[in-house]
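A.B. asks: Could you have a look at this structure, given as structure tokens, before my questions?
Read-outs: derived from the displayed coordinates by stated rules, not from any lab. Because the structure is a prediction, the values reported are computed rather than measured. Heads up, the Cβs are rebuilt from the backbone with ideal geometry, glycines too, and the neighbour counts pull from every protein chain shown.
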Amino acid sequence: MPEIPVFPHDTVLAAISPAEAIDRVRDGFVEYAGGEWEMPPKIYLNAPPNGDFRAMPARGAGLAILKWVTSFPRNPEAGLPVVMGVICVSSAATGEPLALVDVRSITALRTGAVAAVAAQELAREDARTVGIVGCGLHGAWAARCLHAAEYGPGMCFDPDPEAAGRLAGELGWEAGGREDALGCDIVTCVTPGASPVVDEADLRPGLHLNMMGADGPGKAEATPEAVARCSLFCDEWEQASHGGELTGAVEAGLVRREQVRELGDVLTGAAAGRSRPDEVTLFDSTGLAIQDLALCVALLDAHQAGRVRTQTATL
Ligand SMILES: NC(=O)c1ccc[n+]([C@@H]2O[C@H](COP(=O)([O-])OP(=O)(O)OC[C@H]3O[C@@H](n4cnc5c(N)ncnc54)[C@H](O)[C@@H]3O)[C@@H](O)[C@H]2O)c1
């Protein structure tokens, strides 16, 4: 019977700093784009009327993971998180189970980390200021990672002034209105995607947009017309064109596959990044299992090196 480590939420966040998460997530995109890592499409299992489950597998760096994660949007009414679940980590050499990992902490950290990777790769060389539109759980982690990547100061906007004020206070940034946040160099939108927060009129020369909130069908944070006016990048075309920020513009016939570059290809040099300082770049993040895998690799490395201790379970 294997005895395996179990990593709870706080243990994960103590083991992996935002700076390390950024490096690891960057490495994961490079490995995947180079064909070293494998990632089949995610599978949805509906659980009507309240939500759905997603199964997200990936293999790389000697590990194979399965992320089993929920989206139950009305859960907060019952005092429960929207996103919950577990990541099973196995050896890719023998299939042996190696660890069980909390989903919420890994998801928050890897989502925040990719915002920083995309900014480092696609924003103007001299970009510094950060606008956060939507200061909930994942907006806060995007802000923390951008801060760790030495961007800032930032402007935090949220219709819930407490959420914006709390995040601004934590990072020494300011809280302001939507226009203040959209006036920054790197604007990161992490709202529920129920209605657009970015329109064509908001696009200024040199802006970089991270669009993180639209990670499923029916969600959008920018109008299709605004999306179509940007130089477009995404984490993965299939997900982004079917359940991401790009979907509306693709369905309206405003954007075609050949106009969109994947972040991994930009990182490996297979595709070009920003070409001019006055270009408006938009990165569509839908969330990939390779990001989760990258952080599981970091976590198991930290555990093996004795930098993190945790309880075990016997299967
Ligand atoms: N891209 C990814 O990898 C990824 C990962 C995790 C979550 N998400 C998505 O990100 C979104 C946010 O998730 P969360 O867990 O942070 O939710 P959350 O509920 O913790 O935070 C959402 C925040 O957005 C604010 N908000 C709502 N409407 C707004 C508006 N019009 N303008 C500005 N702010 C507004 C809310 O007040 C809230 O503070 C969801 O759609 C979620 O599915 C994406």
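A.B. asks: Using a 10 angstrom cutoff on alpha carbons, build the Gaussian network for the chain and name the most mobile of Leu182, Leu45, Leu13.
C.D. replies: Taking springs between Cα atoms under 10 Å, the residue moving most is Leu45.
A.B. asks: For the chain, what does the helix formula give at 222 nm: sum of -39500 (n - 2.57) over DSSP H segments with n ≥ 4, over the residue count, nearest 500 deg cm²/dmol?
C.D. replies: -10000 deg cm²/dmol
A.B. asks: Related question: Can you figure out the FRET efficiency of Val6 with Asn75, using R₀ = 22 Å and their beta-carbon distance, to the nearest 0.05?
C.D. replies: Using R0 = 22 Å, I get an efficiency of 0.45.
A.B. asks: Same structure again: Report, in order of residue number, the helices in the chain meeting two criteria: a C-alpha extent of 20 Å or more along the helix axis, and a mean Kyte-Doolittle hydropathy of at least 0.0; treat each whole DSSP H run as one helix.
C.D. replies: Length and hydropathy pass: 103-122, 289-304.
A.B. asks: Sort 94-101, 272-279 for me by packing, meaning the mean count of neighbouring Cβ atoms within 10 Å per residue, highest on top.
C.D. replies: Listed from highest to lowest mean packing, they are 94-101, 272-279.
A.B. asks: Give me the log10 of I(q) over I(0) for segment 114-287 at q = 0.08, 0.09, 0.11 Å⁻¹, as the Debye formula computes it from C-alpha points; what are the numbers?
C.D. replies: -0.20, -0.25, -0.38
A.B. asks: For Glu36 and Arg128, what is the calculated FRET efficiency with R₀ set at 25 Å and r taken between the beta-carbons, to the nearest 0.05?
C.D. replies: In this case the efficiency is close to 0.15.
A.B. asks: Shifting gears a bit: In a solvent-free Debye calculation with one equal scatterer on each Cα, what is log10 I(q)/I(0) for the chain at q = 0.13 Å⁻¹, listed in the order of the q values?
C.D. replies: After summing over all Cα pairs, the log10 values are -0.91.
A.B. asks: Show me the ranking of peptides 23-35, 79-91 by mean Cβ neighbours inside 10 Å, starting with the highest.
C.D. replies: 23-35, 79-91
A.B. asks: Mark the label point 7 Å from the Cα of Ala92 along Cα→Cβ and return the residues of segment 283-315 whose backbone N is within less than 18 Å of it.
C.D. replies: Hits in segment 283-315 for Ala92 at 18 Å: 288-302.
A.B. asks: Rounded to the nearest 0.05, what FRET efficiency do Arg256 and Asp199 have when you use their Cβ-Cβ distance and R0 = 22 Å?
C.D. replies: Computed FRET efficiency for Arg256 and Asp199 comes out at 0.50.
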